1. Provide a single number: the residues in region 229-244 that are touching a helix residue (DSSP H, G or I) at 6+ places or on another chain (Cβ under 7 Å) and surrounded by fewer than 21 Cβ atoms within 10 Å (Cβ to Cβ).
2. Report, by residue number, each residue of region 311-358 that is out of contact with any helix residue (DSSP H, G or I) (no Cβ under 7 Å at 6 or more places or on another chain), modelled with pLDDT of 80 or more and part of a helix (DSSP H, G or I).
3. Return the residues of region 106-124 that are within 26 Å of residue 196 (Cα to Cα), in contact with a helix residue (DSSP H, G or I) (Cβ under 9 Å, 6 or more places away or on another chain) and assigned to a strand (DSSP E or B); say none if nothing qualifies.
4. If residue 173 satisfies all but one of (1) at positive phi; (2) at pLDDT 95 or above, what's the number of the condition it fails?
5. Which condition does residue 188 not pass, out of (1) under 17 Å from residue 163 (Cα atoms); (2) exposed (fewer than 15 other Cβ atoms within 10 Å of the Cβ), if it passes all the others?
6. Take the conditions free of Cβ contacts under 8 Å to residues at least 12 places away in the same chain, within 17 Å of residue 186 (Cβ to Cβ) and in the same structural domain as residue 148 (by TED's automatic domain parsing) and apply them to residue 97. Does it pass?
7. Looking at (1) at pLDDT below 90; (2) buried (at least 21 other Cβ atoms within 10 Å of the Cβ), which is the one condition that is false for residue 147?
8. Can you tell me which residue within region 160-180, out of those that are free of Cβ contacts under 8 Å to residues at least 60 places away in the same chain and surrounded by fewer than 20 Cβ atoms within 10 Å (Cβ to Cβ), is nearest to residue 73 (Cα to Cα)?
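The values are calculated or read from the model by the stated rules, or taken from the named source; none is laboratory data. Keep in mind that this is a model prediction, so the values were computed, not measured. Here the Cβ positions follow ideal geometry from the backbone for every residue, glycine too, while neighbour counts run over all protein chains shown.
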């Protein structure tokens, strides 16, 4: 586990690991620059449980912190855990048993049970189970959820861990390199409760995360063609790096719009309409280069209108509807009642929601 300023959720996450039915483990926790009570919270638990190993490394990037945590780990298997999530008690036991029984699989994830920031269960997110299906799905997005993953130590010796150029989506880049050497799998049942809240890194720095995912995918395509991957020597993902990878502005724009839409839907399903509205406001500012992009943003504006109708803010709902029409004039042909007939929660539940892993 890596930690920076997670005092609100940290105790629940730590306790979920200490309560595992699988007991023979070390719990490596790396604090990388917290200014809140996070280090003190970890120290309190360390004083009560000798399995906890706290390492304080100072402020650095997330990939650097994760790499440090892997260097400190001594175990045959390495389980990852995010500091705002909660593992089910049988998580490690189930995953270690699977890896022991399936030596051909080097990395194993699971489904997730999504919860809101208060810890209330919202919905379950399932992922492809087999190596073949995961490989296909990884070409579109993250289907190995980092906070659920357990892997064999030898993976680190082959793929060199996380890369500096990915301050976000560092896990997605790693998985794309892992599948070039190893077989992977997911368990069907959820083994981790994944917290969706507007303060998590994936939401606060969403555009940067999506840009990193696009770069990781382009780099994987270069490696598959036998070309050199320039990201081994890159410190960050810039427009020049993306151009060198062959990523067009249109491809990046489409990925940004789709990513914001996914997170908007996730916030709706988690019951956080305020966060969904903020994401929609940001979506309107994104560059758009295709009819498909305009359709997604226009539908998001209609979702905002539906939220405002539920709140009784009819003038605001009308304004959002007019914004949708301005983006996609064909919408004007629909009756107003039809446009706003479905609630935001029903709208979100009808879509595939794939929140990023951070």
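1. Kept after step one, since they are touching a helix residue (DSSP H, G or I) at 6+ places or on another chain (Cβ under 7 Å), are these residues of region 229-244: 229-231, 234, 237, 241-242, 244.
Filter once more, so that each one left must be surrounded by fewer than 21 Cβ atoms within 10 Å (Cβ to Cβ): 229-230, 234, 241-242, 244.
Adding up the residues that qualify gives 6.
2. The answer is 314, 315, 318, 319, 322, 326, 329, 330.
3. First pass over region 106-124, keeping only residues within 26 Å of residue 196 (Cα to Cα): 107-124.
Within this subset, residues satisfying the condition of being in contact with a helix residue (DSSP H, G or I) (Cβ under 9 Å, 6 or more places away or on another chain) are 107-112, 114, 119, 122-123.
Within region 106-124, 107, 108, 109, 110, 111, 112, 114, 122, 123 meet the criteria.
4. Only one criterion is unmet by residue 173, namely (1).
5. (1)
6. Working: free of Cβ contacts under 8 Å to residues at least 12 places away in the same chain: yes; within 17 Å of residue 186 (Cβ to Cβ): yes; in the same structural domain as residue 148 (by TED's automatic domain parsing): yes.
In short, yes.
7. (1)
8. Once the filter is applied, the top-ranked residue is 160.
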